[in-house]
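Trainee: Just dropping this structure here.
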Amino acid sequence: MSEQQRKNPHDLPDASGLTIGILGGTGDQGKGLARRFALAGHRVTIGSRKADRAQEAADDLKAGDPGLEVSGAENPAAAGGSDIVIVAVPWEGHRATLESVRDELAGKIVVDCVNPLGFEKGKGAFALPVEEGSAAEQAAAVLPDSRVVAAFHHVSAKLLLDPAVGEMELDVLVLGNDREATDLVQALAGRIPGMRGVYGGRLHNAGQIEAFTANLISMNRRYKAHAGIRITDV
């Protein structure tokens with residue numbers, strides 16, 4: 001659907017045929033997203049620095065759901081062979097991972113869901129300063145030839161992996177400077193039952209979205225929950 005054909009912000013493109021690579025897919029967040037997108041009918045490649053670790057994570061998902069189209073590969077192969085690539089690596093390895101696959105990510109939509117957080121005993125989670133302003137802006141600086149979008153920051157890994165949870169029941173804030181790219185990521189979020197993608201602004205607003213994850217962690221610890229967010233009146 002072209003920009004001229006869209007009548008309002010709720011008209012989103014078809015994301016059903018996209019193949020998805022997930023860098024950091026051996027961690028709970030990346031593995032959970034891999035599971036949900038595979039359940040939605042996407043072919044997913046889990047990426048890791050070591051192919052055997054990636055394949056082990058894929059095999060673990062298929063053990064619970066044998067029909068899932070999930071495979072494992074080293075990060076460059078996962079990045080180069082996918083239509084859209086989600087970055088779900090630990091903050092400490094964020095820049096190095098992106099630099100290692102810069103060429104493979106050229107021209108692609110790259111979805112960054114990394115939260116730069118620290119943890120202090122007795123004080124809980126807190127946002128870390130990032131020179132570029134946010135993890136997503138760091139990704140955009142490292143990947144000048146990619147279309148970087150920030151999304152999926154406030155999604156519970158535990159719920160993503162829980163087979164008893166059929167629908168996620170939350171909104172995903174999607175930020176970026178390329179409206180075609182943000183529309184497609186919104187549509188991709190909507191492929192997961194119960195989830196909705198909501199445009200949240202340009203990429204320079206990603207810092208407060210990433211930092212808010214620290215507040216969610218505090219809420220969830222206090223109430224023993226797995227809370228996400230819902231946006232009203234849109």
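The values are calculated or read from the model by the stated rules, or taken from the named source; none is laboratory data. Predicted model, so just to flag it, every value in this text is computed and none were measured. Using ideal geometry, Cβ is built from the backbone for each residue, glycine included, and neighbour counts are taken over all protein chains shown. To get the accessible areas, we keep the full protein, side chains included, count just its heavy atoms, and leave off ligands, DNA and RNA. Shrake-Rupley method; radii C 1.70, N 1.55, O 1.52, S 1.80 Å.
Trainee: What's the magnitude of the charge dipole for the chain around its Cα centre, counting Lys and Arg as +1 and Asp and Glu as -1 at the beta-carbon? Answer in Debye, nearest 20.
Mentor: Charge dipole of the chain: 640 debye, to the nearest 20.
Trainee: Kindly provide the Kirkwood hydrodynamic radius of region 175-234 in Å, to one decimal, from all pairs of distinct alpha carbon atoms.
Mentor: 13.0 Å
Trainee: Taking 1 over the mean of 1/r across every pair of different Cα atoms in the chain, what Kirkwood radius in Å do you get?
Mentor: 17.7 Å
Trainee: Something else: Would you compute, from DSSP H runs of 4+ residues alone, the mean residue ellipticity of the chain at 222 nm, taking -39500 (n - 2.57) per run and dividing by the full residue count, rounded to the nearest 500?
Mentor: My calculation for the chain gives -10500 deg cm²/dmol from helical runs alone.
Trainee: Based on the mean of other beta carbon atoms within 10 Å per residue, what is the order of 129-135, 115-121, most packed first?
Mentor: The most tightly packed comes first, giving 129-135, 115-121.
Trainee: State to the nearest 20 debye the size of the charge dipole of region 14-111 about its Cα centre, where the only charges are +1 on K and R beta carbons and -1 on D and E beta carbons. Could the numbers behind the result be given before it?
Mentor: Working: 11 positive and 14 negative charges, 24 e Å.
About 120 debye.
Trainee: Can I ask one more? Hey, can you find the accessible area per residue of the chain for me, probe 1.4 Å, expressed in square angstrom?
Mentor: For the chain, the solvent-accessible area averages 48 Å² per residue.
Trainee: If the chain between Asp178 and Glu99 were fully stretched, how many nm would it gain, using 0.36 nm times the residue separation less the Cα-Cα distance?
Mentor: Stretched out fully, the Asp178 to Glu99 stretch lengthens by 26.3 nm.
Trainee: Among Gly118, Ala63, Ile22, whose Cα lies farthest out toward the positive end of the dipole of the chain, if unit charges sit on the beta carbon of Lys, Arg (+1) and Asp, Glu (-1)?
Mentor: Going by the Cα projections, it comes out as Gly118.
Trainee: Taking all protein chains as present, what is the carbon and sulfur share of the accessible area of the chain, in % to the nearest whole number, probe 1.4 Å?
Mentor: 48 percent
Trainee: Pairs to check: Lys50/Lys123; Lys62/Lys121; Lys50/Lys108; Lys50/Lys158. Give those whose C-alpha atoms are more than 31 Å from each other in this structure.
Mentor: On the way: Lys50/Lys123 35 Å; Lys62/Lys121 37 Å; Lys50/Lys108 22 Å; Lys50/Lys158 24 Å.
As for pairs spanning more than 31 Å Cα to Cα, those are Lys50/Lys123; Lys62/Lys121.
Trainee: Okay, moving on. If you take the square roots of the eigenvalues of the alpha-carbon gyration tensor of region 132-214 and sort them as a ≥ b ≥ c, do you get rounded (a/c under 1.5), prolate (a/b over b/c) or oblate? Present the calculation step by step, with values, prior to reporting the outcome.
Mentor: Details: a/c = 2.25, a/b = 1.65, b/c = 1.37.
Prolate.
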